[in-house]
1. Out of all the residues in region 214-236, which are surrounded by 14 or more Cβ atoms within 10 Å (Cβ to Cβ) and not in a strand (DSSP E or B)?
2. Restricting attention to region 276-297, which residues are surrounded by fewer than 18 Cβ atoms within 10 Å (Cβ to Cβ) and under 25 Å from the mean Cα position of the chain (by Cα)?
3. Considering only residues that are surrounded by fewer than 18 Cβ atoms within 10 Å (Cβ to Cβ) and not polar (S, T, N, Q), look in region 85-101 and name the one that is farthest from Val249 (Cα to Cα).
4. Somewhere in region 280-287, is a residue aliphatic (A, V, I, L, M) and either touching a residue at least 24 places away in the same chain (Cβ under 8 Å) or within 25 Å of Tyr29 (Cβ to Cβ) (or both)?
5. Could you tell me whether region 62-84 includes any residue that is open to solvent by less than 70 Å² (accessible area, probe 1.4 Å), free of Cβ contacts under 8 Å to residues at least 40 places away in the same chain and part of a loop (DSSP other than H, G, I, E, B)?
6. Kindly check whether there is at least one residue in region 192-208 that is closer than 30 Å to Gly248 by Cβ and crowded, with 20+ Cβ neighbours inside 10 Å.
7. Looking at region 237-264, which of its residues are assigned to a helix (DSSP H, G or I), of a type outside the set (A, V, I, L, M) and touching a Ser or Thr at 6+ places or on another chain (Cβ under 8 Å)?
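The values are calculated or read from the model by the stated rules, or taken from the named source; none is laboratory data. Bear in mind the structure is a predicted one, so any value in this text is a computation, not a measurement. All Cβ positions, even for glycine, are placed from backbone atoms using ideal geometry, and neighbour counts span all protein chains on display. Remember, those area values only see protein heavy atoms, side chains included, never the ligands or the DNA or RNA. Shrake-Rupley method; radii C 1.70, N 1.55, O 1.52, S 1.80 Å.
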Amino acid sequence: MDSGQARNAPAGHVHNYLGREGTPPAELYRDGRLEVIGYGGQIVEGTVTGVQRDDDGMFRLEAAYSTAHSTRAHRVIRARRLLVTSGLVDQLPDIEGLAERWGKDVLHCPYCHGWEVRDQAIGIIATNLTIAMHQALLWRQWSDDVVLFLHTAQEPSADQLEELAARGIPLVAGEVAAVESGANGLTGVRLHSGQMVPRQAVAIMTRLEARAGFLADLGLLASEQYVGEVSIGTAIPAGPTGATDVPGVYVAGNVTNPMAQVIVAAGAGLGAGAAINADLMAEDTRNAVEHYRPGQPSHSMQ
């Protein structure tokens, strides 16, 4: 089941994926779907709205999708196991212009987008100072021209001010009202005071919310995730193989690991798939043993 709401859809390229460096997300997405179909897999376009477990142990997925005759058609799919890779939603601060430039020149990760904006004028908009300091020092590795906008974050300590000064990162006080852009992209950051600071790219930390509300009926809820003492969003807890606290339900990618890049998410999906296969094999074997025990027909070769 695929809702088509890929997190990285606004981005121009996928990075850090060995052998596919620079591939547009839509192209990688298309190729992956074709490979699934080539191995006999089926892809159903739609959004899962709820999941329940039936009395026979099977999962029942309620899904909504669009057809030529209806924008809210419904479908029920049953499955023995679930692998949830629904990802997350980036919740942007309420700043004018951010959403329109998201994934282009409003960015969050230097490992994902640093190469494209190297040596440009970069601004860091702070909503939490701990995170913003980390971002500023990281992005400073890509450019000599980095400015930290304090926005709604607390005042830096003396040690933090010294770090910024030592790395040549100016601090701009005051709340950000908007990021502005022109025909060729982002042009600057405008404060509520009216001050305009020219910038070619902006980095900001989003809140990373797991797209997992449809699992609530199974008792599987996303929990708060922290970097140190800072809450960065939510995720579904899972073990190393992707197994959750609900037997038969596995997760992989950003829905359980908000910081996972594409290649990490893909690797996690592979590992979870292998764990599901082993789980099904064990169940099939248990069922076969039950039927094989004395009193049951023998299937030995003559």
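1. Just the residues of region 214-236 that are surrounded by 14 or more Cβ atoms within 10 Å (Cβ to Cβ), to begin with: 214-215, 218, 220-222, 225, 227, 232-236.
Within region 214-236, Phe214, Leu215, Leu218, Leu220, Leu221, Ala222, Ile236 meet the criteria.
2. So the first thing to find is which residues in region 276-297 are surrounded by fewer than 18 Cβ atoms within 10 Å (Cβ to Cβ), and the list is 277-297.
Asn277, the sole residue that qualifies.
3. Of all residues in region 85-101, those surrounded by fewer than 18 Cβ atoms within 10 Å (Cβ to Cβ) come to 89, 91-94, 96, 99-100.
From what's left, not polar (S, T, N, Q): 89, 92-94, 96, 99-100.
Working: Val89: 21, Leu92: 30, Pro93: 33, Asp94: 35, Glu96: 39, Ala99: 33, Glu100: 36 Å.
Only one residue fits best here, namely Glu96.
4. Taking region 280-287 first, the residues aliphatic (A, V, I, L, M) are 280-282.
Subset that is either touching a residue at least 24 places away in the same chain (Cβ under 8 Å) or within 25 Å of Tyr29 (Cβ to Cβ) (or both): 280.
Checking region 280-287: at least one residue is aliphatic (A, V, I, L, M) and either touching a residue at least 24 places away in the same chain (Cβ under 8 Å) or within 25 Å of Tyr29 (Cβ to Cβ) (or both).
5. Taking every residue of region 62-84 in turn, at least one turns out to be open to solvent by less than 70 Å² (accessible area, probe 1.4 Å), free of Cβ contacts under 8 Å to residues at least 40 places away in the same chain and part of a loop (DSSP other than H, G, I, E, B).
6. yes
7. As a first pass, look at region 237-264 and keep what is assigned to a helix (DSSP H, G or I): 253-255, 262-264.
Of the ones still in play, those that are also of a type outside the set (A, V, I, L, M) are 253-254.
Listed by number, the list holds a single entry, Gly253.
This table checks each residue for (1) assigned to a helix (DSSP H, G or I); (2) within 20 Å of the chain's Cα centre (by Cα); (3) touching a residue at least 12 places away in the same chain (Cβ under 8 Å); (4) loosely packed, with under 12 Cβ neighbours inside 10 Å.
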residue	(1), (2), (3), (4)
Val14	no, yes, yes, no
Tyr17	no, yes, yes, no
Thr23	no, yes, no, no
Leu28	yes, yes, yes, no
Thr49	no, yes, yes, no
Gln52	no, no, yes, yes
Asp55	no, no, no, yes
Arg60	no, no, yes, no
